[in-house]
Amino acid sequence: MCANRRTRCSKACVRFPSNAAHAFNGSFQQAEAFIAHGMRLGFGGNITFERARQIRRLAAELPLGAIVLETDAPDIAPSWLYKHRNAPDQIQGIARVLAELRGIGEEALSLILLCHKVIRI
């Protein structure tokens, strides 16, 4: 275990920002500003909608260490639950979509997110 809110993961220490922009839906420039201030950006069910091109592009291009996966249950349900209540058990499906957007396997995404401690299940 490293000091000062850090942890050991694959022999590397990762600093934990203390803030996250919940249900982020801003521009690339806003995302960069939040990240520059040590914040992470929350992405959830909104990335599962194909018409949500801006947020899907951000989820695909921003550093994974800056992303927090969230369900925002019972709100912001993924596309497969459109007009229904969301639930925390949908995080795996949302992670699957993020992996597809980034062109990486689900297992690789899980390892990266867990290493950065940015997935909350």
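What follows is calculated from the coordinates using simple rules that are stated; it is not laboratory data. Note that the structure is predicted; figures quoted are calculated from it, not measured. No Cβ is skipped: glycine too gets one built from the backbone with ideal geometry, and neighbour counts run over all protein chains shown.
Listed highest first by mean packing, meaning other Cβ atoms within 10 Å per residue, what order do 79-86, 65-72 come in? Show your work: numbers first, answer last.
Values: 79-86: 11.9, 65-72: 21.2.
With the highest mean Cβ count within 10 Å placed first, the list reads 65-72, 79-86.
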(request) Return a whole-number percent for the relative contact order of segment 20-115, with Cα pairs under 8 Å and 6 or more residues apart as the contact set. (result) 25 percent
(request) With all distinct Cα pairs included, what does the Kirkwood hydrodynamic radius of segment 20-115 come out to in Å, to one decimal, could you say? (result) 13.3 Å
(request) Taking amide H positions as placed in the peptide plane 1.01 Å from N, state which residues far from LEU41 in sequence (5 or more) or on other chains have amide H under 5 Å from it. (result) ALA21, ILE67, VAL68
